[in-house]
1. Rounded to the nearest whole Å², what accessible area per residue is found for segment A:46-139 with the 1.4 Å probe?
2. Using all alpha carbons of segment A:90-195, what is the percent of pairwise distances in each 10 Å bin, ordered from the shortest bin to the longest?
3. Round to the nearest 10 and give me the degree value, 0 to 90, for the angle of helix A:162-174's Cα axis relative to the longest principal axis of chain A.
4. Over the whole of B:172-179, what's the average partner chain Cβ count within 10 Å per residue? Rounded to a whole number, please.
5. From zero up to wherever the largest Cα-Cα distance of segment A:70-117 sits, split into 10 Å bins and tell me the percent of pairs in each.
6. How tilted is helix A:21-33 with respect to the longest principal axis of chain A? Cα atoms for both, answer in degrees (0 to 90, nearest 10).
7. Distance from the Cα centre of segment A:99-162 to that of segment A:15-60, in angstrom?
8. Can you list, shortest first in nanometers, how far B:Pro161 lies from the same residue in the other copies, with each label 7 Å from Cα toward Cβ?
Number of protein chains: 2
Amino acid sequence: MPEATAPATRTPREPRNGVDTPTLIATLNAVKATPSLAKFRFRASNKWVSGTYSESRVESFSGAGGEHSHQTAFRYGADHPAVLVGEDRGPTPIEFLLHGLAACIAAGIGNIAAARGITLTSVESRVEGDIDLRGLLGLSDTVRNGYEGIRISFDIAGDAPAEKLRQIVEQSRARSAVFDVLTNGVPVEFSINTR
Amino acid sequence: MPEATAPATRTPREPRNGVDTPTLIATLNAVKATPSLAKFRFRASNKWVSGTYSESRVESFSGAGGEHSHQTAFRYGADHPAVLVGEDRGPTPIEFLLHGLAACIAAGIGNIAAARGITLTSVESRVEGDIDLRGLLGLSDTVRNGYEGIRISFDIAGDAPAEKLRQIVEQSRARSAVFDVLTNGVPVEFSINTR
């Protein structure tokens, strides 16, 4: 992202929590000045291997006016466990949603705490989702295919009063991309090519 | 999952596509006979490390009337890329949703094709999501935090006419847990503990 030329709108903060706070604030100001920089497109490609096992690559994305490669070509497998007639060569696909949710809010917590001048000592979460597989197995017309509900619980510690720490987590939730998608849903366009 | 005692409701199928089709059909019948076996709870735990980087563990789940450990304790990192002031030590959290979506439908395709007696030769997909970061950066009250839209495109090949192959993908989408969660949303309960 280009260097910000607009003046910072907050009291300058030092780097903290592993966050380059001045660059974070500069990035915010750059996007405020040039909103088109905020348009990102993330991508993955997936290849079915065998049974319920497939592998995805997460390699590149566009945003901030350009095309970017991740510094590593990330690869992930997903499978069903033996109890669901898979070989457990990866988590189930739906478990990755739990990772995404926890990680999204954790990232926001790091940034927000740094912007507020608070040093964190520990942030941990546990997340779980309940699902009745009669939906996806086609055994019920009333049970949904996906999670019926998700619960996530955060433990946070740092050099601020409990109420300030709580507000950081709340603010991260309020601005979380994954929390938004999971709670509100998103339109998914679907296409199929046969060869 | 217990051995099925109910008679199979479909013509018995041989293993195919790496799917143990007889066990898959038996599992369906077992759940039909004892619906409580269908209740699953998936879990992840996450630990913030530094900046926007955190790590999740996906280790155990409950379902089919018992508690289960994955055969591997799966661990995943997530981060922001440099252009978003992270260190790119993992994909962004929201990229994991794309992997989950593609992998969920791929797994279903493997199973459904096997149940229908169709041998697959190739299943690949590309998935992308558009996001305007002004939402999560707090720079707009009208732009949402998460993806505005996701597109997924499947290429499928196998020993069946194009229409049959297309129907397999459609059926997998229609029963996909991740597709349901992403398109329809799910209630997320949130709690915070300060230490």
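1. About 30 Å² of surface per residue is accessible.
2. 13, 36, 28, 15, 7, 1, 0
3. 60
4. The shielding value for this peptide is 6.
5. Here the calculated profile for segment A:70-117 is 22, 31, 29, 14, 5.
6. The two axes meet at around 80 degrees.
7. 19
8. 7.3
The values are calculated or read from the model by the stated rules, or taken from the named source; none is laboratory data. None of these values were measured; they are calculated from a predicted model. Every residue, glycine as well, gets a Cβ built from its backbone with ideal geometry; the counts of neighbours run over all protein chains shown. Just the protein is used for accessible areas: all its heavy atoms, side chains included, with ligands, DNA and RNA removed. Shrake-Rupley method; radii C 1.70, N 1.55, O 1.52, S 1.80 Å.
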